[in-house]
Amino acid sequence: MTSFSDLNLDEPLLRALEKQGYETPTPIQGSAIPHLLEGKDLMGIAQTGGGKTAAFVLPILQTLSQDRTRPKAHMPTAIIIAPTRELASQIGKAIQIFTRDIKMFHTVVYGGAPYGPQMKDLQRGVDILVATPGRLMDHMKRGTVKLDNIQTFVLDEADRMLDMGFVEDVQEIASKMPANHQTVMFSATMSPQIKRLSKTLLNQPMYVEAPRETAVASTIEHSVLMVSRDHKKDLLMHLLGQSDKTKVIVFVRTKASTEGLVEDIHKNIEGIKANCIHGDKPQRARERTLRSFKNDRITVLVATDVAARGIDVSGISHVINYDLPMEAENYVHRVGRTGRAGASGIAISICEPRERNLLRSVEEFIKQKVTVDDDHPFPAPAYKDKRAPGKPKGRPFSKTKKPAFKGKAKLGGKPGGKPGGKPARTDKRADTRTKHVGAKPASRSSARPAAKRQNFKHAS
Ligand code: AMP
């Protein structure tokens, strides 16, 4: 597949894509869009970053704009549910971009935001409703959302939805829709639970899978700095004090540590503005912080994995893993925040001795050694690979211990570490697999039996 016009998308959408600078479909777009335009149910295995949003938004817009009638109050025609507020508002923004030349209404509803504007939009009538499950359930109970007219139902990041305990809500929501709607599920992983959920929701679905990002993009230089626990914070301040750190995400493991770290950064480094996002921060504050980061009003964003997943900010110069991720796969997500869209980026992981097993898991996952860089003021003994005893990785450990970081650093200090490992190549646009799961349906009109839908509430 070489171009969007090969996908049979309408002119207004092609114009919007061109304006947006999208030249060729990503693999997930190339494989999902034709099935969705045919009205088929679909299970997509894809992670954020591969263009899955446009993969489901474009067919919805095209299908809805054919024979469109003005939507009735409280009765959307398509519904997209997403596990987090950030993801829901990003989907809303994508819809906004693609509907510049199309008459189509949409709104985004999520918890933590006032009901007033949401009610007003729903009363006016929307074609597409984007929602988080909790707030959607609230609106359904209030009678401000009715699902009787739904033609397309999308569940984005279904695996996270299950992790966050939304399975019953999802089933309840699905059970309120008419029997013959199209259902689309996207998930980063195909766990047994996702398989079970897909069986209850999807009718003879097509299955598409984007190539998994198990490698770090070749545009990203990534390295690990070994440090003793006592000097971990000093090392972070040293790194942030260097002038090349123009837009940095610092990943930490716990919500509790985010705020303290921001205070430490302000205390220790002159001229740096930092802020944090984590799951417990009120929605408005999270949005404000993200906007400030996007607009360069803050240069350092301290974030937990959950809050950061799905955030699409361009121009990030550095990702610093202050704590290594507990799940190796998150390493790829985290470092992928820099070096986006072909730009180059640098990722630095700080590793204390007790975290070596996490580093090993990362290396096994990405099938690559992460270069140990001990060219910093607080080097701890180099990481020794247990699988190859006696062979320390990276440059030999320098015995001269440099003094600990003290006092305020100035922006524009001496640039430090030189990450230099040979990064693995990855090609996100490599082949995408498409296959048909189960027998082909005779037609949409023979869609699913109503009884199957009614079983949702009882499905595990
Ligand atoms: P997503 O995986 O949907 O969150 O998309 C990740 C990023 O890729 C977003 O910044 C999109 O704007 C961008 N994107 C999506 N599709 C394309 C495309 N075909 N060409 C270029 N960029 C794209």
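The values are calculated or read from the model by the stated rules, or taken from the named source; none is laboratory data. Fair warning: this is a prediction, and the values are worked out from it, not measured in the lab. Cβ atoms come from the backbone with ideal geometry, glycine included; neighbour counts cover every protein chain shown. Ligands, DNA and RNA are excluded from the accessible area calculation, which covers all protein heavy atoms including side chains. Shrake-Rupley method; radii C 1.70, N 1.55, O 1.52, S 1.80 Å.
On the protein heavy atoms, probe 1.4 angstrom, tell me the percent of accessible surface of region 220-372 carried by carbon and sulfur. That share works out to 48 percent.
First measure r as the distance between the Cβ atoms of residue 285 and residue 244, then evaluate 1/(1 + (r/R0)^6) with R0 = 45 Å and state the FRET efficiency to the nearest 0.05. Calculated transfer efficiency: 0.95.
Per residue, the solvent-accessible area of region 4-209 (1.4 Å probe, heavy atoms of protein chains only, all protein chains present) comes to 37 Å². Among the listed pairs 52/367; 40/176; 233/294; 141/176; 93/141, a Cα-Cα separation exceeding 22 Å is found for 52/367; 233/294; 93/141. Measuring with a 1.4 angstrom probe and ignoring ligands and nucleic acids, residue 65 comes out at about 50 Å² accessible. Remark: C-alpha extents of region 4-209 on the principal axes read 43, 40, 30 Å, sorted largest to smallest.
What value does region 220-372 have for Rg/Rh, both radii from Cα atoms and Rh as Kirkwood defines it? Don't jump to the answer; show the numbers that get you there.
Values: Rg = 14.4 Å, Rh = 15.4 Å.
Computed over Cα atoms, the ratio is 0.93.
Thinking of region 1-95 as a set of Cα atoms, what percent of all their pairs are more than 24 Å apart?
Details: 913 of 4465 pairs.
In whole percent, the long-distance tail amounts to 20.
Remark: spin-label model distance residue 97-residue 199 equals 3.8 nm, labels positioned 7 Å along the Cα→Cβ axis.
Each peptide in 172-180, 101-109 receives the mean, over its residues, of other Cβ atoms within 10 Å, and ordering these scores from highest gives 101-109, 172-180.
Once neighbouring chains are kept in place and the probe is 1.4 Å, which whole percent of the accessible area of region 3-58 is contributed by carbon and sulfur? Before the final figure, lay out the partial values.
On the way: 890 of 1990 Å².
Answer for region 3-58: carbon and sulfur cover 45 percent of the accessible area.
Using only side-chain charges placed at the Cβ, +1 for Lys and Arg and -1 for Asp and Glu, the dipole size of region 220-372 relative to its Cα centre rounds to 360 debye.
Between residue 10 and residue 367, what FRET efficiency follows from the Cβ-Cβ distance if R0 is 56 Å, with the result rounded to 0.05?
Numbers: r = 42 Å, r/R0 = 0.75.
For R0 = 56 Å, the calculated efficiency reads 0.85.
Highest mean packing comes first when the peptides 198-209, 362-373 are listed by Cβ atoms within 10 Å, giving 198-209, 362-373.
Region 237-301 and region 317-372 have their alpha-carbon centroids 19 Å apart.
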